[in-house]
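The numbers here are math on the coordinates, done by the rules we state, and not lab data. Because the structure is predicted, anything quoted here is derived from the model rather than measured. Cβ placement follows ideal geometry from the backbone for every residue including glycine, while neighbour counts extend to all protein chains displayed.
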Amino acid sequence: MLNISELLLCPLTYNRSDHLLQPLWNHLLVHHRHLISSPLFPVLLAFSSYVIFSTPFAVMDLLGERVSLFHKFKIQPGKRPTLRMMARSFRMSLFNHVFFVLPSVVISMFILPLPALPQEAPALREVFVDGLALLLLFDTQYYIWHVVHHKHVQLYHYIHAIHHEYSAPFSWSTEQLSIPELMTVGLWSNQDPILLKCHPLTTWCITVLSIWMSVEDHIGYDLPWGLNRLVPFDLLGGAPAHDMHHQRPNRNYAPFFSHWDRIFGTAVPLRKKR
Ligand SMILES: [Zn+2]
Ligand SMILES: [Zn+2]
């Protein structure tokens, strides 16, 4: 069976006869090279994904019962975020990105060599396999970090508690994180693709997907078309599992998948508060 250490030591070789993504990659190289070769691009991609994915759910929250099509899926219908709460979460994320994430990327531009962009696009299978490896690695790292920061009183109080300000999460609260938590997550997002020798296009696809999954964890709606419903065998926790974590913080620690919580007995199903 292939394990993570084998992935690190012997990167998988792929049949590059799958050229489906080559036209897209050529277009990016020819027309957007300045943008995609900038070390600021991944930050821009992640932050804009957070804003784009969060906005529709904020509108749904503000409309509430007026859009019953969505409201009937609300996990805690009695708890609705206010515009003020949404603005506070967004302001915190914007502040952290402007004053901590961007400066650290700018400093790294002077220390580290600029990443080279390959001429060849990744094969579709490569995007899928490497992308899954990236998600599994991040999920494991965050599971361990998350358990430690809930068990240790000081670590919880000074680093993670700010994310638990609300027992009913909403889309903008996804990135209501302390600076150490945001920087730790940013470091993994940056270093894991280097460790696993991922193609930049794979990394960017997983950046967007993981931001979507993180926002979906916090939307507060158990939508029938949520990823946790579409992927079989309850492999993904999704909004029901993470909403439960905000209601009962000593359960459902994993951000995406459910296997670590099931193995260590920290998985608990959603209990709707009606
Ligand atoms: Zn959360
Ligand atoms: Zn937590």
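Things to note:
- Simple rule: put +1 on each Lys or Arg Cβ and -1 on each Asp or Glu Cβ in the range 122-274, find the dipole, and look at 156, 269, 258; the Cα lying farthest toward the positive end is 269.
- Total lysine pairs in the chain at Cα distances under 14 Å, for residues eight or more apart or on different chains: 6.
- Its Cα centre serving as origin, the chain has a Cβ charge dipole (Lys and Arg +1, Asp and Glu -1) of approximately 1000 debye.
- Averaging Cα coordinates gives a centre for the range 123-172 and one for the range 26-46; these two points are 26 Å apart.
- If only the Cβ of Lys and Arg carry +1 and only the Cβ of Asp and Glu carry -1, the dipole of the range 18-88 around its Cα centre is close to 460 debye.
- A simple rule links phi to the HN-Hα coupling: the Karplus curve 6.51 cos²θ - 1.76 cosθ + 1.60 with θ = phi - 60°, which for the range 99-111 gives 9, 10, 5, 4, x, 5, 5, 4, 4, 5, 5, 8, 9 Hz, with x for Gly and Pro.
- When 36, 206 are sorted by how many other C-beta atoms sit within 10 angstrom of their C-beta, beginning with the fewest, the order is 36, 206.
- Value at 222 nm in deg cm²/dmol, rounded to 500, when DSSP H runs of n ≥ 4 in the chain each add -39,500 (n - 2.57): -17500 deg cm²/dmol
- Under the Karplus curve 6.51 cos²θ - 1.76 cosθ + 1.60, θ = phi - 60°, whole-Hz ³J(HN,Hα) for the range 144-157, x wherever Gly or Pro sits: 4, 4, 5, 4, 4, 6, 9, 7, 8, 4, 5, 4, 5, 4
- Positive-end residue, the range 117-262 charge dipole about Cα centroid, Cβ charges, pick of 210, 145, 168: 145
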